[in-house]
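What follows is a single structure, written as structure tokens, with notes after it.
Just so it is clear, none of the values below were taken in a lab; they were calculated from the coordinates. If you're wondering where the values come from, they're calculated on a predicted model, not measured in any experiment. Here Cβ is always computed from backbone atoms with ideal geometry, including for glycine, and neighbour counts include all displayed protein chains.
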Amino acid sequence: MTTTAIVTLAAVLLIVLGVSVITRPRNTSTVDFYLAGQRVGIVTNSWAICGDYLSAASFLGVAAAVYVSGLDGAWYAVGFAAGFLPVLLLVAAPLRRFGEFSLADFLGRRLNSDRVRISSVAMVQLVILCYLVPQSVGGGITWDLLVGHGVFGLSPYTTGVLLSTAVIAVIVAFGGMRGTTWNQAVQFLLLFLALVWLAIVVTSEGFRYGDAVEALSQGPLANPEGSALVQETNYIQPEQTAVFGEPGARYGRLGQIALVVTLGLGTAGLPHVMNRYFTSPTGRAARTTTVWVLVLVGMFYALAVMLGTAARDIIPGAVADHPWLEELTVNGILRVPEHALPVLGRIYGDEAGLGLVAAAALIAAMSTVAGLLLASAATWGHDVYERHINPRATQRQAVWAGRLTTLIAAAAAAALAIALSPEAFTPAMPSLVATMVTWAFAVAGSALTPVVVLAIWWRRTTAAGGIAGMLTGGALAVAMFLGASFMEPSALRELFAAPTLLAAPVAFVVIIVVSLKTQAPDSADASWVLMHGTAADRQAERLAALTVKDRRRRRAR
Amino acid sequence: MQSEADPHFNEVQDTPAEVDATFRTLRRIAITYFVVFLVVLAAFPVLTITLDWWTESRLIGNLSPAFLFAGVGLYVVFAVMGIAAATLSSSVESRMLGHQRQGEATASESWADTSQQKPDGS
């Protein structure tokens, strides 16, 4: 292990543990453990949501997708960023005003049904697992590149998966939402700074975005398969070769739309992101937080796309001066596209640059893992244990149930990540991390988003409709993306690989049809006043203003 | 007795009618912006099919309109739409809610009280 690797890992651990100790929960209450006391401010929450959302798929995966597919890879970034607009328009403020512990809890109470709550828990767990595994894969990839050694006879990849998941699991289990919020906020800032540093360095060293795209588009786009480069097929104009700067290297016309819709609608159903809205003090604060998030993730993804392009442009010319690149490349093209940003960091910042980017990648994976584990804890600990297994549980017992489920979910994700080897999947999935995250978005957007949106905006939504839509959307999404693995490249395969474009409308229709045939809950009118009224917001704002006034008065004395 | 330090002091409750009117206005805003959002997203493949200029010409920084749109432009559009929609929605809520006289609050207070109950009645 090099000195840089040791310093990097020590810095990551120090930051994460330091923030956790400083912000450790003061009380053993479930509101404090799951919701940070519902007092997270707009700026802090927007940073924390970004830290939660910008995962290894965003940091390593988007740049990797652009690196390997050119313009078509940018659609991942567009879809990820687009997701917060539907959240802002349709979900954020009413969801917070209704105020619960988790997405499953919201649906269960709004539709007045424990069966809805349990069905939602199942879907939420499926989404969390699909999302957790690629984050652990990202941790393994980064460790492999940064350290290159395993411990106790394990491979470097396995060691990375186990260590990154274990550290964050312990921190989440004992730090709760309060510690996780501050960790995610600090981690987002570090992640963003790493990307900005990389962008400044490559630009100052002569990289010109437009010229690079132009140069890369002069020849056909080719990527490694085994020890040779193979030209990519052009899915829009098959008679022409695929090029970096034009659409077609990865998706046909339907595929672009299907991917963006899948990612765009999926965000509103992501439990770890939506749960963060319950920590806002008011609905209006939740809405303003989303505006901040939209601006911040837009800047982040614009930089990630640019750096994916920079890696494609710079690395082939750097092999001669950096012999260590020969092992990682085939004719100057990286074997594992997720290595694009760490390699750029090493080219321009030597071991320290690699350390910085690798630390950011580890942080990206860890901050998202933290959010996912907490969402998992909320669903098992609160929605299952407190509601069904032990309704008389004390606050202490409920918090311990959450902690225990955090550790179990982490162990399951690490085991699955170890079972998958990214290199084995690269020919079929240009960016394994980004592809697996697409599955999580597909289930979330097909099963959860339709029922969440209709529960907020359609008074007639019923429990039976919600369950039918959720199960239909979820089952259809899973069947479609699994089916896509066995299909030859075609427009139909593209639709199946990103299934929300079809599965979500089907789920919407099923919810509406079944709801119209069943009795709406009596509590719908009361729910409306709560979700779409602002009395609670005004009361909270008034209370906050009085608290500030009181503090000033005390200081003046 | 209520004092100024009590957050419930002079607190104006929302009536179901007010909330319903606000909900309808907000729904119109959300649907309008959502449709614009879909049109913006759908514009990319449509322009790719119909307009050679979209992928072949060069604009700022020598980037094609297609690359500029996917690499930078869309994020700017999302942010502008988000700021506009949030400002409009919050302004609608401020104008339409919270102006009812104290004596008229009884009905909505009783609804709000009911809605605070958990499904198990706790």
Along the principal axes of its C-alpha atoms, what lengths does the range A:105-220 span, in descending order and rounded to whole Å? 60, 42, 33
For the protein assembly as shown, build the charge dipole from Cβ charges (+1 Lys, Arg; -1 Asp, Glu) around the Cα centre, then report which of A:VAL127, A:TRP439, A:VAL161 sits farthest towards its positive end. A:VAL127
Could you please state, rounded to a whole Å, how far the C-alpha centre of the range A:513-555 is from the C-alpha centre of the range A:124-202? 36 Å
Whole-Hz Karplus couplings 3J(HN,Hα) for the range B:72-81, θ = phi - 60° and coefficients 6.51, -1.76, 1.60, Gly and Pro as x, run 9, x, 4, 5, 5, 4, 4, 5, 5, 4
Rounded to the nearest 500, the 222 nm mean residue ellipticity computed for chain A from DSSP H runs (n ≥ 4, each -39500 (n - 2.57)) alone is -23000 deg cm²/dmol
Please average, across the residues of A:285-296, the number of beta carbons from any other chain that are within 10 Å of each residue's own beta carbon, and give a whole number. 4
Contour minus Cα-Cα distance for A:VAL196 and A:ASN390 (0.36 nm per residue): 65.0 nm
When you count, for each residue, the other Cβ atoms within 10 Å and take the mean per peptide, how do A:467-475, B:28-36, A:134-142, A:389-397 rank with the highest first? A:134-142, A:467-475, B:28-36, A:389-397
Need one value for B:16-27: mean number of C-beta atoms belonging to other chains within 10 Å of its residues' C-beta atoms. 4
Let me have the relative contact order for chain A, percent, based on Cα pairs under 8 Å that are six or more residues apart. 28 percent
Rounded to two decimals, the Rg over Rh value of the range A:106-153 from Cα coordinates and the Kirkwood Rh reads 1.37
Fewest to most neighbouring Cβ within 10 Å: what's the order for A:TRP458, A:TRP439? A:TRP458, A:TRP439
Considering every pair of different Cα atoms, what Kirkwood radius, in Å, is found for the range A:432-554? 16.9 Å
When the scattering of the range B:16-97 is computed by the Debye formula from its Cα atoms alone, each counted once and equally, what is log10 I(q)/I(0) at q = 0.14, 0.17, 0.21 Å⁻¹? -0.61, -0.74, -0.93
State the answer as a single residue: which of A:MET487, A:MET531, A:TYR53 lies farthest towards the positive end of the charge dipole of chain A, with beta carbon charges of +1 for Lys and Arg and -1 for Asp and Glu, about the Cα centre. A:MET531
Can you work out the Karplus-derived ³J(HN,Hα) for every residue in the range A:329-335? Use 6.51 cos²θ - 1.76 cosθ + 1.60 with θ = phi - 60°, whole Hz, and x for glycine or proline. 10, 10, 6, x, 10, 5, 5
Output the peptides A:107-116, A:494-503 sorted from most to least packed, where packing is the average of other Cβ atoms within 10 Å over each peptide's residues. A:494-503, A:107-116
Counting just the Cα atoms, what span does the protein assembly as shown cover along each of its three principal axes? Round to the nearest Å and put the largest first. 82, 55, 50
Over the whole of A:66-72, what's the average partner chain Cβ count within 10 Å per residue? Rounded to a whole number, please. 2
